[in-house]
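Trainee: The structure follows.
The values are calculated or read from the model by the stated rules, or taken from the named source; none is laboratory data. Predicted model, so just to flag it, every value in this text is computed and none were measured. For neighbour counting, all protein chains shown are included, and Cβ atoms are generated from backbone atoms with ideal geometry for every residue, glycine included.
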Amino acid sequence: MKQELIHELFQKFEAASREIQGIECWSARELQELFGYKDWNVFLKTVEKAKNACANSGEPVGSHFVEVTGSYTDENGEEHPEDDIALTRYACYLVTQNGDPGKNEIAFAQTYYAVQTRKQEIIEQRLLDISRVAARDKLSKSEKKLSGIIYERNVDDKGFSTIRSEGDKAFFGGFTTGEMKKKLAVPDNRPLADFLPTLTIKAKDFAVELTSYNVVEKDLHGETAITKEHVDNNKAIRKMLEERGITPESLPAAEDVKKVKRKLENADKKVLKEVKRMTKKK
């Protein structure tokens with residue numbers, strides 16, 4: 001396929017995308033032309049095959065193929081209603097997979113939607129990674145804050161370790177920190193929180209923040225009183241999660257947050273390097 005045709009098709013596919021209620025989609029009527037189909041009914045047969053493929057994949061067909069009413073203008077300038085279908089990116093990809101591979105437009109579209117879907121997945125994963133790293137950093141700061149507060153209330157580092165351990169035990173339904181580390185295959189020399197999913201990290205952070213607040217608000221002193229407060233807060237957060245069908249100890253381990261952080265930093269370095277390269281070119 002010639003470079004000029006690829007560029008032309010890319011521009012057409014980009015221009016054809018629409019946004020409905022925050023979801024990127026394409027008009028089946030427009031794609032009919034872009035895919036090189038002259039007859040709407042012939043193209044509809046391909047769309048039906050794509051719907052079947054969608055159903056077989058376990059995805060809700062109605063979420064990816066939405067029947068809408070469009071319009072067209074005749075040679076006299078008058079508008080007329082016509083049936084149309086709004087297709088998500090995934091629906092478009094399925095249509096291309098069931099289209100005529102002999103058409104240049106279909107061959108291009110197969111690659112276009114596959115790449116676009118992959119790009120979206122990469123972006124979504126990056127946002128999830130950033131959220132997890134931020135949550136872990138926040139938990140560290142919250143624990144440091146609590147440590148400072150209780151140090152002024154006659155609790156040393158050993159006492160703080162006990163308070164945190166008892167909080168974990170209450171949060172994880174009786175499992176100690178050590179038992180959870182074994183359960184999730186966390187190395188002995190690494191913090192449990194570095195391998196917890198984002199939801200768990202944020203829940204634990206909320207419990208720590210509650211303890212910091214109440215220790216000051218209730219003017220608590222000593223290891224016993226503060227431990228009880230921390231345990232009560234962890235139990236309360238656990239109860240809230242359980243009411244929503246979530247048991248913290250049952251959630252699988254997540255990727256080492258240090259590796260996630262390095263991955264993000266390396267990606268940023270690559271982008272910066274590319275920007276510098278492009279700048280020098282100019």
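Trainee: Take residue 95 and decide whether it is under 18 Å from residue 29 (Cα atoms) and surrounded by 15 or more Cβ atoms within 10 Å (Cβ to Cβ). Step through it out loud before you land on a result.
Mentor: Numbers: under 18 Å from residue 29 (Cα atoms): yes; surrounded by 15 or more Cβ atoms within 10 Å (Cβ to Cβ): yes.
So residue 95 fits the description; yes.
Trainee: Using the structure shown, decide if residue 163 is part of a helix (DSSP H, G or I) and farther than 28 Å from residue 129 by Cα.
Mentor: The answer is yes for residue 163.
Trainee: Turning to a different aspect of this structure: Check 207, 236 and return the single one that is among the small types (Gly, Ala, Ser), assigned to a helix (DSSP H, G or I) and either touching a His at 6+ places or on another chain (Cβ under 8 Å) or buried (at least 16 other Cβ atoms within 10 Å of the Cβ) (or both). Full working, then the answer.
Mentor: Working: 236 fails: either touching a His at 6+ places or on another chain (Cβ under 8 Å) or buried (at least 16 other Cβ atoms within 10 Å of the Cβ) (or both).
Every option except 207 fails the conditions.
Trainee: Just checking, does the stretch 49-67 include any residue being assigned by TED's automatic domain parsing to the domain that holds residue 12, in contact with a Pro (Cβ under 9 Å, 6 or more places away or on another chain), assigned to a helix (DSSP H, G or I) and crowded, with 20+ Cβ neighbours inside 10 Å? Full working, then the answer.
Mentor: The first filter runs over the stretch 49-67 and keeps only residues assigned by TED's automatic domain parsing to the domain that holds residue 12, leaving 49-67.
When the remaining residues are screened for being in contact with a Pro (Cβ under 9 Å, 6 or more places away or on another chain), the result is 54.
Those left that are additionally assigned to a helix (DSSP H, G or I): 54.
Adding the requirement that they be crowded, with 20+ Cβ neighbours inside 10 Å leaves 54.
Yes, because at least one residue in the stretch 49-67 is assigned by TED's automatic domain parsing to the domain that holds residue 12, in contact with a Pro (Cβ under 9 Å, 6 or more places away or on another chain), assigned to a helix (DSSP H, G or I) and crowded, with 20+ Cβ neighbours inside 10 Å.
Trainee: I've got another one for you. Test of understanding: among 171, 108, which residue is within 30 Å of residue 30 (Cβ to Cβ) and among the aromatic types (Phe, Trp, Tyr)?
Mentor: On the way: 171 fails: within 30 Å of residue 30 (Cβ to Cβ).
Just a single option satisfies the conditions, and that option is 108.
Trainee: Next question. Can you name the residue in the stretch 148-169 that is within 20 Å of residue 202 (Cα to Cα) and in contact with an Asp or Glu (Cβ under 8 Å, 6 or more places away or on another chain) and, of all such residues, is surrounded by the most Cβ atoms within 10 Å (Cβ to Cβ)?
Mentor: The residue in question is 163.
Residue-wise test of (1) of a type in the set (Asp, Glu); (2) farther than 19 Å from residue 83 by Cα; (3) at pLDDT below 80; (4) surrounded by 15 or more Cβ atoms within 10 Å (Cβ to Cβ).
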site: 3; (1), (2), (3), (4): no, yes, yes, no
site: 8; (1), (2), (3), (4): yes, yes, yes, no
site: 31; (1), (2), (3), (4): no, no, no, yes
site: 34; (1), (2), (3), (4): no, no, no, yes
site: 39; (1), (2), (3), (4): yes, no, no, no
site: 43; (1), (2), (3), (4): no, no, no, yes
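Trainee: A follow-up question, please. Looking at (1) hydroxyl-bearing (Ser, Thr, Tyr); (2) touching a residue at least 60 places away in the same chain (Cβ under 8 Å); (3) more than 22 Å from residue 121 (Cβ to Cβ), can you tell me which one residue 96 breaks?
Mentor: Tallying (1) hydroxyl-bearing (Ser, Thr, Tyr); (2) touching a residue at least 60 places away in the same chain (Cβ under 8 Å); (3) more than 22 Å from residue 121 (Cβ to Cβ), residue 96 fails exactly one: (3).
Trainee: Here is a list: 215, 257. Which entry is surrounded by 15 or more Cβ atoms within 10 Å (Cβ to Cβ), of a type in the set (Val, Ile, Thr) and more than 21 Å from residue 147 (Cα to Cα)?
Mentor: 257
Trainee: Report, by residue number, each residue of the stretch 183-204 that is outside any helix (DSSP H, G or I) and crowded, with 20+ Cβ neighbours inside 10 Å. Walk me through how you get there before you give the answer.
Mentor: Within the stretch 183-204, the subset outside any helix (DSSP H, G or I) is 184-191, 196-197.
Answer for the stretch 183-204, where residues must be outside any helix (DSSP H, G or I) and crowded, with 20+ Cβ neighbours inside 10 Å: 186, 196.
Trainee: For the stretch 71-92, give me each residue that is in a strand (DSSP E or B) and surrounded by 15 or more Cβ atoms within 10 Å (Cβ to Cβ).
Mentor: At the first step, the residues of the stretch 71-92 found to be in a strand (DSSP E or B) are 71-73, 79-88.
If the condition is that a residue be in a strand (DSSP E or B) and surrounded by 15 or more Cβ atoms within 10 Å (Cβ to Cβ), then 84, 85, 86, 87, 88 are the ones that fit.
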